[in-house]
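Taking it in order: structure first as structure tokens, then the write-up.
Read-outs: derived from the displayed coordinates by stated rules, not from any lab. These figures come from a predicted structure and were not determined experimentally. Cβ placement follows ideal geometry from the backbone for every residue including glycine, while neighbour counts extend to all protein chains displayed.
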């Protein structure tokens, strides 16, 4: 929930384990404690989507967690996140947008040993859109009181044997019925694409076909829809920049339009989801679907520059819920 700086500080000093999101000036002023955080002034709260540089979004770890630890990872240590994540528990991670860690995790994490055997969620910290290119997104290790513009901060949590975790992805986009797109290289920057097997200048293709850049490229990974959202098209430079990387040899299509995001979101959200441990929603959903003032039910949290459910995602909502082990 959204709190003032003073309320968040009281929570920290009470000994609670917290996941925090807010403006840099607010997070910089908080006391040390068992928390991690990242910069962002956009949130989905119970009252609806909101923008605030005066409030902090505070999520408190469930009291059933039997143990937790916080660690900051350098760029070259990112693969250790999966091995450090507890076998019976979960990890919440935060990466700063546009950092080397953001790029490396996006491109390399699908190949980290054991990644998909653990429960790893998180988000990409950002800035006020008015400050893009002027201020670096930051992440925080509250146990040390340090903040970083590089690397990754993780909170690893162990659960008792009678509890279990479910990780969910709400993706309102599906593949459209248009051209099949494949790429010769992994990456965020695309020069050429194979369009139905024919090599094309990708920037020229998107422009000539008047593709709505609010619609992501969507791949189908064994039934899981993974988006790569379009950031910019540079026709003169023959380059398309994406918010998430495409992968070599994977088949993508431009997403089908979504008539009403909130209705589609409600339709996809499982009825069993209630008061999740963690959730976040993408800034592109917030902007393109005009979510300011609109509600997304129980899934509240930071509005982010990218989401993590095992690997990096875009234009999705991610959540983690702690549940009782069936008897």
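For the reader, a short list of remarks on this structure follows.
- For the chain, DSSP calls about 85 percent of its internal beta bridges antiparallel.
- Extension reserve of the residue 117-residue 184 stretch, reckoned as 0.36 nm per residue once the Cα distance is removed: 21.3 nm
- When each of 172, 280, 64 is scored by the number of other beta-carbon atoms lying within 10 Å, the sequence from fewest to most is 64, 172, 280.
- Stretchable slack from residue 134 to residue 174, in nm (0.36 nm times residue separation minus alpha-carbon distance): 11.0 nm
- Averaging the sequence gap over all C-alpha pairs within less than 8 Å and six or more residues apart, then dividing by the number of residues, gives the chain a relative contact order of 22 percent.
- Calculated mean residue ellipticity at 222 nm for the chain: -3500 deg cm²/dmol, from DSSP H runs with n ≥ 4 weighted as -39500 (n - 2.57), summed, divided by the residue count and rounded to 500.
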